[in-house]
Amino acid sequence: MSGNSIGRLFTLTTFGESHGPALGAIVDGCPPGLELGENDLMADVERRRTARSRFTSQRREPDRVRILSGIFEGLTTGTPIGLLVENVDQRPKDYAAIRDRFRPGHADYSYQQKYGIRDYRGGGRSSARETVMRVAAGAIARKYLRLRLGVEIYGYLRQLGPIRLEPVDLGSVDHNPFFCPDPVRVPELETYMKALAKEGNSIGARIDIVARGIPPGLGEPVFDKLSADIAHALMGINAVKGVEIGAGFAVVEQKGTEHRDAITPQGFASNHAGGILGGISSGQDIHVSIALKPTSSLRLPCATIDANGEPVELVTHGRHDPCVGLRATPIAEAMLALTLMDHYLRHRAQNADVERQPATVPGSVDAGDRRP
């Protein structure tokens with residue numbers, strides 16, 4: 001299987017399966033001299049962890065990250081950083097009944113057609129369990145970008161099914177199980193999810209991610225546009241079916257006079273472009289949204305076929321998220337951090353001596369979402 005790596009100068013390669021003994025990652029290209037320890041990674045990993053609330057999968061994994069290499073006396077050495085997270089709460093027996101049946105909406109059928117063999121235990125390599133390593137690696141990129149450039153990356157739940165949310169209080173995002181930016185709406189989300197659980201169904205979600213303090217100049221203007229690589233990274237997250245940058249699909253209804261972001265001596269008058277112009281960062285906040293599909297593993301019966309092509313009925317047991325979007329915020333933040341880190345190093349290598357005109361970088365007059 002190819003395609004297990006992302007990045008050019010700052011690269012991440014992951015390995016492992018949902019119900020295997022462990023998951024692992026190799027982070028290569030991290031500059032030397034960054035103060036780094038396991039606790040730096042655990043804050044983000046803990047935010048992603050299952051069983052933190054009744055509204056997520058009840059698989060109880062401590063997700064303790066071990067750093068195996070690339071660190072000496074508390075500093076990165078510039079060599080590959082090896083990361084490992086052991087699986088301790090596997091229950092492969094939950095999937096024994098479907099080993100010869102294809103779960104609709106999952107990768108079971110396509111994996112079987114491509115490889116002729118598949119790991120039926122929770123999807124194996126296609127499981128969202130793999131994303132724990134992305135979050136751990138993303139924490140390295142996030143810390144470097146914060147310390148060296150002052151970059152802050154944060155995300156929040158923007159929509160859960162029919163419930164649309166506004167970023168009223170971003171300081172509350174990490175203090176509720178939904179990553180909800182409006183604490184007054186949390187009881188409404190709880191009521192909705194309880195009704196959904198009683199029904200035995202699932203729902204989709206939208207997550208917004210923002211990166212503040214990005215310098216202008218990141219990204220290449222043709223095939224390696226910053227926007228293209230961000231979309232590539234975010235579409236690589238399990239269950240993501242759509243990515244929007246800036247105004248996204250709303251541009252269809254915008255006129256040019258509305259969409260173009262006027263520039264004044266004080267800064268940009270708006271940010272419909274989402275902080276990227278011509279595939280290159282403008283110095284404004286980068287705004288991205290992702291849409292995640294509803295979970296396909298349900299206890300409600302569904303028609304499918306078995307390995308012989310015969311029609312059968314399928315009911316999925318096990319521990320699954322009724323809304324995968326509820327844990328997607330730290331994953332999306334991590335993938336954005338990895339992409340920005342890679343592009344920063346690429347930009348530094350080629351254009352570190354470029355003198356900008358004007359020398360000062362205008363931000364947005366209306367900077368939009370801000371974390372207190």
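Any read-out appearing in this document is the output of simple, stated calculations on the displayed coordinates, not a laboratory observation. Since this is a predicted model, take the numbers as computed values, not measurements. When we count neighbours, we look across all protein chains shown, and the Cβ atoms used for this are built from the backbone with ideal geometry, even at glycine.
Between Arg64 and Ala43, the simple spin-label model (points 7 angstrom out along Cα→Cβ) gives 2.1 nm. With respect to the chain, whose longest principal axis is taken over its alpha-carbon atoms, helix 186-199 is tilted by about 30°. Counting 0.36 nm for each residue step from Arg99 to Thr13 and taking away their Cα separation leaves a gain of 28.2 nm.
Three principal axis extents describe the C-alpha atoms of segment 122-230; from largest down they are 48, 38, 26 Å. Compared with the alpha-carbon gap, the fully stretched path from Lys255 to Met1 is longer by 86.9 nm at 0.36 nm per residue. Note on Ile230, Ile71: ascending count of other Cβ atoms within 10 Å places them as Ile71, Ile230, the fewest first. With each label modelled as a point 7 angstrom along the Cα→C-beta vector, the Asp306-Ala349 pair spans 5.3 nm. If I fit a long axis through the Cα atoms of helix 226-235 and take the longest principal axis of the Cα atoms of the chain, what angle between them do I get, 0 to 90°, rounded to 10? The two axes meet at around 20 degrees.
Axis of helix 328-351 versus longest Cα principal axis of the chain: the two differ by about 40°, to the nearest ten degrees.
Once the Cα-Cα distance is subtracted from the 0.36 nm per residue extended length, the Asn201 to Glu73 segment shows a gain of 41.1 nm. Peptides 18-30, 133-145, ordered by how many other C-beta atoms sit within 10 Å of their residues on average, highest first, read 133-145, 18-30.
Which whole-number percent is the relative contact order of segment 88-351 (Cα, under 8 Å, 6+ apart)?
Once normalised by length, the contact order is 27 percent.
When restricted to Cα atoms, the chain yields an Rg and a Dmax of 21.3, 68 Å, respectively.
Ordered by the number of other Cβ atoms lying within 10 Å of each residue's own Cβ, fewest first, Arg121, Arg146 fall into the sequence Arg146, Arg121. Per-residue Cβ neighbour counts within 10 Å put Phe10, Phe72 in the sequence Phe72, Phe10, beginning with the fewest.
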